[in-house]
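The values are calculated or read from the model by the stated rules, or taken from the named source; none is laboratory data. The model shown is predicted, which means the values in this text are computed figures rather than measured ones. Note: ideal-geometry Cβ built from the backbone for every residue, glycine included; neighbour counts use all protein chains shown. Ligands, DNA and RNA are excluded from the accessible area calculation, which covers all protein heavy atoms including side chains. Shrake-Rupley method; radii C 1.70, N 1.55, O 1.52, S 1.80 Å.
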Amino acid sequence: MDVHKYEKKTLWVVLLTMATMVVEIAFGLSTKSMALLADGIHMGSHVLAIGLSWLAYVLVRKAQNSRKFNGESGKILSLSGYSSGLILLLFAVVILYEAVRRFIEPADIVYREAILVAVIGLVVNIVSAFLLHHDHEDSDHNIRAAYLHVIADALTSLSAILGLLAAMIWDIPFIDTIAAVISSAVIIKWSIGLLKDSGMVLLGMKESHTHDHHHHHH
């Protein structure tokens with residue numbers, strides 16, 4: 001397992017995501033787009049989560065080079081993966097709450113700008129997914145968590161784009177909201193899977209590979 005390789009890759013993704021987050025939040029506020037602001041705030045969760053993944057690799061490297069550390073350095077990665085899963089779950093709930101609130105009090109959306117930035121978000125996530133792409137055999141919960149965050153974010157961006165397009169074409173603004181709700185439901189499912197898997201490792205239980213199908217390589 002190449003920890004150093006993952007450390008570099010995760011750092012790149014953190015920097016890329018951070019830049020995008022700033023742009024999306026700024027545009028989300030100026031265009032009043034729920035989807036965009038959700039995506040920007042969600043990007044913030046990735047900066048945190050993938051930043052955590054990066055930190056875990058730094059700690060593992062230090063632990064491996066340290067004579068004092070006598071624990072299992074691999075557990076650091078599972079702990080990071082677990083924490084990352086919790087962050088993912090929390091943000092899915094936040095998106096859900098925001099969507100419901102917007103459903104009750106609709107706001108005007110500047111569609112074209114909102115779609116443009118959502119597309120930028122999607123492109124950034126696709127680039128990040130390629131960076132974090134790993135073989136299932138030598139992966140760990142940490143890189144998997146980082147990868148899931150990026151894929152979840154791509155999904156949010158994609159649903160924002162589709163929701164905004166539908167809302168713009170047929171003038172049904174609440175499609176934007178429904179798209180956000182569907183995304184968060186999927187993200188909740190993923191985060192629970194991640195929590196289960198990494199939690200089992202932390203508790204020293206054996207991992208079952210049956211529910212891992214969404215992660216296999218295409």
**Complete:** For Val13, the net charge from surrounding residues (Cβ-Cβ under 14 Å; K, R +1; D, E -1) works out to +2
**Request:** Using a 1.4 angstrom probe, figure out how much accessible area the chain has per residue, in square angstrom, rounded to the nearest whole.
**Result:** 51
**Request:** Please sort 149-159, 121-131 by packing, taking for each peptide the average over its residues of neighbouring beta carbons within 10 angstrom, highest first.
**Result:** 149-159, 121-131
**Request:** Using a cut-off of 12 Å between beta-carbons, work out the net charge of the residues near Tyr111 (Lys and Arg +1, Asp and Glu -1, Tyr111 not included).
**Result:** -2
**Prompt:** Out of [x] 68, 48, 36; [y] 45, 39, 33; [z] 62, 32, 30, which label holds the value of Cα extents along the principal axes in Å that was computed here?
**Reply:** [z]
**Helix 174-202 vs. the chain, principal-axis angle (Cα, 0 to 90°, nearest 10)** = 10
**Prompt:** By the scheme Lys and Arg +1, Asp and Glu -1, what is the net charge of all other residues having a beta-carbon under 9 Å from that of Ala160?
**Reply:** -2
**Fill in**
The helix 3-31 Cα axis meets the longest alpha-carbon principal axis of the chain at an angle in degrees, between 0 and 90 and rounded to 10, of 20
**Prompt:** Mind listing the phi-derived Karplus ³J(HN,Hα) values for region 130-145, rounded to whole Hz, using 6.51, -1.76 and 1.60 with θ = phi - 60°, and x for any glycine or proline?
**Reply:** 5, 4, 8, 4, 8, 6, 4, 4, 9, 8, 9, 5, 5, 5, 5, 5
**Message:** P(r) for region 52-155, please, calculated from all Cα pair distances in 10 Å bins and given in %.
**Reply:** 13, 31, 30, 16, 7, 2
**Complete:** For region 33-117 the trypsin sites (Lys or Arg not before Pro) that pass both the DSSP coil test and the at-most-11 other-Cβ-within-10 Å test are Arg67, Lys68
**Request:** With unit charges on the beta carbon (Lys/Arg positive, Asp/Glu negative), name the residue among Tyr57, Val13, Leu37 whose Cα is farthest towards the positive pole of the charge dipole of region 1-128.
**Result:** Tyr57
**Fill in**
Here the FRET efficiency for Asp108 versus Val181, based on Cβ atoms and R0 = 22 Å and rounded to 0.05, is 0.65
**Prompt:** Each residue of region 103-117 in turn: what ³J(HN,Hα) in whole Hz from Karplus with 6.51, -1.76, 1.60 and θ = phi - 60°, glycine and Pro shown as x?
**Reply:** 5, 6, 10, x, 10, 6, 10, 8, 4, 4, 5, 4, 5, 4, 6
**Message:** Output the 0 to 90 degree angle, nearest 10, between the alpha-carbon long axis of helix 34-65 and the longest principal axis computed from the alpha carbons of the chain.
**Reply:** 10
**Request:** With a 1.4 Å probe and every protein chain kept in, tell me what percent of the accessible surface of the chain is carbon plus sulfur.
**Result:** 70
